[in-house]
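Take a look at the structure below.
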Amino acid sequence: PPPSSPVSPGSPDPLGIVHRAALVIEDGRVAWTGTESEAPATDSRLDLAGRAVLPGFVDSHTHLLFAGDRTEEFRARMAGRPYAAGGIRTTVAATRAAGADELAANLDRHLAELLRQGTTTVETKSGYGLTVEDEARALRLAATRTEEVTFLGAHVPAPEHREDPDAYVALVTGPMLDACAPHARWIDVFCERGAFDGDRSREILTAGVRRGLVPRIHAGQLGPGPGVRLGVELGAASVDHCTHLTDADVDALADAARRPEPTVACLLPGCEFSTRSPYPDARRLLDAGVPVALSTDCNPGSSYTSSMAFCVAVAVREMGMTPDEAIHAATAGGAAALRRTDVGRLVPGARADLLVLDAPSAVHLAYRPGVPLVAGVWRDGAPVAGPLAAAAGGDPTGDTPWTPRKPIARGREGTNPG
């Protein structure tokens, strides 16, 4: 189905599965798909021996620009201490102190992890610098690796502005936005207790929209609040977390699903796993017709996983999703959250971003949790990770450098040039 369409509950085939399939790649794109018996002649051929092939995962919410470690915070949570937004400041201190080479090496290490596990499109954010210089430094670096870059100066108020959040909002919407907007496509805000309330979140997001950035928003992670409805009102591409939703929140998202560009509910089960919080109710959203994405939320504090397969398994076990719905959310759903139509699906004209499982069905991602099933990853038609990549003459390590790729196609968007 189109990536902007929600999975229909009860649909017998939400993924459009083709059995005994073949796929033809030409110039980095999918040129043809269908059954093997009808495949056209090609210059070369790779027999995958009945393994499942699916689109590369699209991870639409990560925080990879950081330094430091929060192992002790995790240890304390597992001993019973609740999660709170303030722990972000620990990473802020480490990130500010890190050199450019350290930040780049850390980013590349996590991107290689993601690639080896089948993720071929990644969004990542700033938010661990919280000064003009540190936020701009992070975004400049991110923009050398991915086209999906988000300005999150409004992660939490900077430590030096803790007693005067309005002054920090003025910094974010003024000099910081001026320095960061040229390197970003998206603007985000953590609309949550301990971070930014609804009024300040609105001020920050609307300032970004005036600068041509497209909004997205962290909302409903720690409790109900205004963030989900604010995101819908402002036409955000996604509202992320959605752990605590009111009926009005769900109604707003369902109404937005009828728009040409819906607001996607991006669910982050790694966060609930790591913080021992209630899981989002994906079934409630899907039954209301809301488009859903799954993402890792890879970050050092609340969800230090880079495995989309893990998120799929948790979503099936804990969030009311069928395996096919979860796989759709991790691929086409993530593409919709980034307003992309060239990734997250394998149709003619799309990027030839795909992963091969050492299993006969994608259902094995949930059926065999924790098992490293990714046998090969292709990005833009090139084999870049896994033993099958080596067999195809590519790099099996996943260390292939990430560079920005101009999207072949996006959904309709407003003033931002992309």
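The values are calculated or read from the model by the stated rules, or taken from the named source; none is laboratory data. What you are looking at is a predicted structure, and each value in this text was computed from that prediction instead of being measured. We place every Cβ from the backbone using ideal geometry, glycine too, and count neighbours over all the protein chains shown. Note: accessible area is taken over every heavy atom of the protein model, side chains too, but ligands, DNA and RNA are not part of it. Shrake-Rupley method; radii C 1.70, N 1.55, O 1.52, S 1.80 Å.
Okay, residues lined up against (1) within 30 Å of A22 (Cβ to Cβ); (2) buried (at least 18 other Cβ atoms within 10 Å of the Cβ); (3) aliphatic (A, V, I, L, M):
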| site | (1), (2), (3) |
| --- | --- |
| L54 | yes, yes, yes |
| H63 | no, yes, no |
| E72 | no, no, no |
| V92 | no, yes, yes |
| N106 | no, yes, no |
| A112 | yes, yes, yes |
Among residues of the stretch 150-204, those that are under 20 Å from the mean Cα position of the chain (by Cα) and charged (D, E, K, R), counted | 3
Have a look at A31, A41 and point out the one that is among the aliphatic types (A, V, I, L, M) and either buried (at least 18 other Cβ atoms within 10 Å of the Cβ) or in a strand (DSSP E or B) (or both).
-> A31
Just one of A195, A181, A138 is without any contact (Cβ under 8 Å) to a residue 60 or more places away in the chain and either of a type in the set (G, A, S) or open to solvent by 40 Å² or more (accessible area, probe 1.4 Å) (or both); which is it?
-> A181
Residues being farther than 22 Å from Y304 by Cα and either of a type in the set (V, I, T) or open to solvent by 10 Å² or more (accessible area, probe 1.4 Å) (or both): count how many of those fall in the stretch 270-292.
-> 6
Y367 meets each of (1) surrounded by 24 or more Cβ atoms within 10 Å (Cβ to Cβ); (2) in contact with a helix residue (DSSP H, G or I) (Cβ under 9 Å, 6 or more places away or on another chain) with one exception, condition (1)
Of the residues that sit in the stretch 337-359 and are within 19 Å of V214 (Cα to Cα), part of a loop (DSSP other than H, G, I, E, B) and not aliphatic (A, V, I, L, M), which one is least open to solvent (accessible area, probe 1.4 Å)?
-> D342
When the stretch 293-330 is examined, which residues are found to be surrounded by fewer than 24 Cβ atoms within 10 Å (Cβ to Cβ), touching an Asp or Glu at 6+ places or on another chain (Cβ under 9 Å) and of a type in the set (D, E, K, R)?
-> E318, D324
Among the residues of the stretch 246-279, write down those that are among the hydroxyl-bearing types (S, T, Y) and free of Cβ contacts under 8 Å to residues at least 60 places away in the same chain.
-> T246, T263, Y279
